[in-house]
Amino acid sequence: MKKYTTKKLEGRQVLDCIQEGTVIDHIPTGKTWEILGVLGLWDYAGTIAVLRNVESSRYGAKDIIKFDDVERDVSLVGLFSPKPASTAGEEGDAKGQITVSRIKGTKVIEKTWPSPVEKVKNVIRCKNPRCITSSEQEIDQVFSLAQPEPPVYRCRYCQADVHEWKINNPTNEKFGGK
Ligand SMILES: [Zn+2]
């Protein structure tokens, strides 16, 4: 059984409705490519739809990712939530959190508001030029959440704090980003 439906729009077949899968909604515009990279969705073999600059009454614009896997771990999207973790909850999306909806049989069976994860490995890079991870490329880049709001990650090796991060993904490399 297909996990989605499509419809014709101006002569082209487009994704209409996910019947079984995951919808990541309220993504700050422009963060979609990083999210696809960090979730390993860049070369996703199933059906996936990316909606950019969707009008949103609350934020002006947002991005949405839909794909046909209901179980894939997407907790790393918490790295991109624009608002503090404590605003998550029933009204989380109203307060600017990224939402993750799991859909089965066209019904939302679970809705979550991921916050920044406690530990990340090979996602964020240490910016300290004297850190061992800067000279020894084969060492894993391991960071722990030092502070949840706003999120700050601390390098396991040199204790340097990272307040902002840009996630490497195939598009960044392709377009010369860092
Ligand atoms: Zn470091």
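The values are calculated or read from the model by the stated rules, or taken from the named source; none is laboratory data. Remember, it's a predicted structure, so these values are computed and weren't measured experimentally. Note: ideal-geometry Cβ built from the backbone for every residue, glycine included; neighbour counts use all protein chains shown.
Check whether at least one residue in the range 26-40 is part of a strand (DSSP E or B) and at pLDDT below 80, and report yes or no. Quick ask: steps written out before the conclusion?
Within the range 26-40, the subset part of a strand (DSSP E or B) is 26-27.
So of that shortlist, the ones also at pLDDT below 80 come out as none.
Looking through the range 26-40, none of the residues is part of a strand (DSSP E or B) and at pLDDT below 80.
As an exercise: evaluate D93 against (1) modelled with pLDDT under 90; (2) of a type in the set (D, E, K, R); (3) assigned to a strand (DSSP E or B) and give the number of the one condition it does not meet.
That leaves (3) as the condition not met.
Return the residue satisfying two criteria in turn: it lies in the range 47-61 and is under 22 Å from T6 (Cα atoms) and assigned to a strand (DSSP E or B), and of such residues it is farthest from the chain's Cα centre (by Cα).
So in the range 47-61, the residues under 22 Å from T6 (Cα atoms) come out as 47-55.
Still in the list and also assigned to a strand (DSSP E or B): 48-55.
Numbers: I48: 14, A49: 14, V50: 12, L51: 14, R52: 14, N53: 16, V54: 17, E55: 19 Å.
Within the range 47-61, the match that is farthest from the chain's Cα centre (by Cα) is E55.
Cβ-Cβ under 6 Å, sequence separation 6+ or interchain: first residue in the range 131-146 and more than 10 Å from the ligand (Cβ to nearest atom), partner aliphatic (A, V, I, L, M). Which pairs?
Hits for this filter: A146/V152.
Name the pairs: first residue in the range 62-87 and assigned by TED's automatic domain parsing to the domain that holds V108 and closer than 19 Å to K107 by Cα, second residue of a type in the set (F, W, Y) and at pLDDT below 90, Cβ to Cβ under 6 Å, at least 6 apart or on different chains?
Cβ pairs passing all conditions: D68/Y4.
Going by the structure shown, is V77 at pLDDT 85 or above, of a type in the set (A, V, I, L, M, F, W, C) and within 17 Å of P151 (Cβ to Cβ)? Reasoning before the result, please.
Working: at pLDDT 85 or above: yes; of a type in the set (A, V, I, L, M, F, W, C): yes; within 17 Å of P151 (Cβ to Cβ): yes.
Yes.
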